[in-house]
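Colleague: Mind having a look at this structure? Questions to follow.
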Amino acid sequence: MTGQPRGVAPEREEGVWRIEEGTAERRPPGGAFRADGTEHLTYNNPFGLEVERVWFDGQVVYAVEQGELDLDLSRVKVAQEYQIVYAVELDERGKLKDGVEPERVPGQYNIYDSVPGMDRYSPLWQFNYVVVPRDYVANRLRSEADCLGSGYPIVKSTIVEN
């Protein structure tokens with residue numbers, strides 16, 4: 001793209017672009033991730049949504065949460081999200097007992113099993129709680145494989161967020 005203008009002609013209807021201040025621009029070259037493993041993303045957050053950092057296969061990606069949903073897990077495709085906690089209690093329905101939030105590990109990012117473009121991806125995330133000891137160091141677990149291979153108990157809930 002060296003020497004080419006970045007703006008896209010207004011008569012072009014679609015393409016792989018980024019939008020900067022309302023102007024379509026050719027997307028700069030580069031991979032999906034920076035050298036430090038963080039998602040290469042520009043997002044201006046026009047609706048003021050809360051954005052969170054999460055791990056996916058040892059790389060940092062960004063996500064927005066739209067809230068909890070009640071749905072029939074046998075009928076709806078969901079992806080898996082892992083939250084690293086010191087303690088959690090679920091009731092017989094797989095929901096947080098008495099609405100008490102789990103005791104999260106400070107500074108630990110949640111972990112996704114998939115990202116858009118993967119067959120198992122869904123924008124609906126079912127929570128799995130990985131229960132770690134108090135001497136656990138935040139962000140040692142950075143992938144689904146890390147969680148599953150850790151030996152720590154995993155408590156599967158019926159809590160789903162979008």
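The values are calculated or read from the model by the stated rules, or taken from the named source; none is laboratory data. Keep in mind the model is a prediction, meaning the values are calculated, not measured. Don't worry about glycine lacking a Cβ; one is built from the backbone with ideal geometry, like all the others, and counts go over all protein chains shown.
Colleague: Could you list, in sequence order, the residues of segment 146-157 that are without any contact (Cβ under 8 Å) to a residue 24 or more places away in the chain and either among the small types (Gly, Ala, Ser) or assigned to a loop (DSSP other than H, G, I, E, B) (or both)?
Modeller: If the condition is that a residue be without any contact (Cβ under 8 Å) to a residue 24 or more places away in the chain and either among the small types (Gly, Ala, Ser) or assigned to a loop (DSSP other than H, G, I, E, B) (or both), then Gly149, Ser150, Gly151, Tyr152, Pro153 are the ones that fit.
Colleague: Out of the residues in segment 105-144 that are among the small types (Gly, Ala, Ser) and touching a residue at least 40 places away in the same chain (Cβ under 8 Å), state the one that is nearest to Val85 (Cα to Cα).
Modeller: Residue satisfying both the conditions and the ranking: Ala138.
Colleague: Restricted to segment 87-101, and to residues that are in contact with a Pro (Cβ under 8 Å, 6 or more places away or on another chain) and assigned to a strand (DSSP E or B), which residue is surrounded by the fewest Cβ atoms within 10 Å (Cβ to Cβ)?
Modeller: Ala87
Colleague: Turning to a different aspect of this structure: Just to be sure before I move on: is Tyr136 of a type in the set (Ser, Thr, Tyr) and under 19 Å from Ile159 (Cα atoms) in the structure I sent?
Modeller: In short, no.
Colleague: Among the residues of segment 32-56 satisfying the criterion of being among the hydrophobic types (A, V, I, L, M, F, W, C) and assigned to a strand (DSSP E or B), which is surrounded by the most Cβ atoms within 10 Å (Cβ to Cβ)?
Modeller: Here the residue is Trp55.
Colleague: Would you say Val54 is under 30 Å from Arg140 (Cβ atoms) and either of a type in the set (Val, Ile, Thr) or not assigned by TED's automatic domain parsing to the domain that holds Pro153 (or both)?
Modeller: Considered against the rule, which asks whether it is under 30 Å from Arg140 (Cβ atoms) and either of a type in the set (Val, Ile, Thr) or not assigned by TED's automatic domain parsing to the domain that holds Pro153 (or both), Val54 comes out as yes.
Colleague: Right, here's the next one. Out of the residues in segment 102-120 that are in a loop (DSSP other than H, G, I, E, B) and in contact with a strand residue (DSSP E or B) (Cβ under 7 Å, 6 or more places away or on another chain), which is farthest from Ala138 (Cα to Cα)?
Modeller: Across segment 102-120, the extreme among qualifying residues is Arg120.
Colleague: Just the residues that are among the basic types (Lys, Arg) and farther than 14 Å from Val54 by Cα, please, taken from segment 127-153.
Modeller: Across segment 127-153, the qualifying residue is only Arg134.
Colleague: Does segment 57-77 hold any residues that are small (Gly, Ala, Ser) and part of a loop (DSSP other than H, G, I, E, B), and which are they?
Modeller: Within segment 57-77, Gly58, Gly67, Ser74 meet the criteria.
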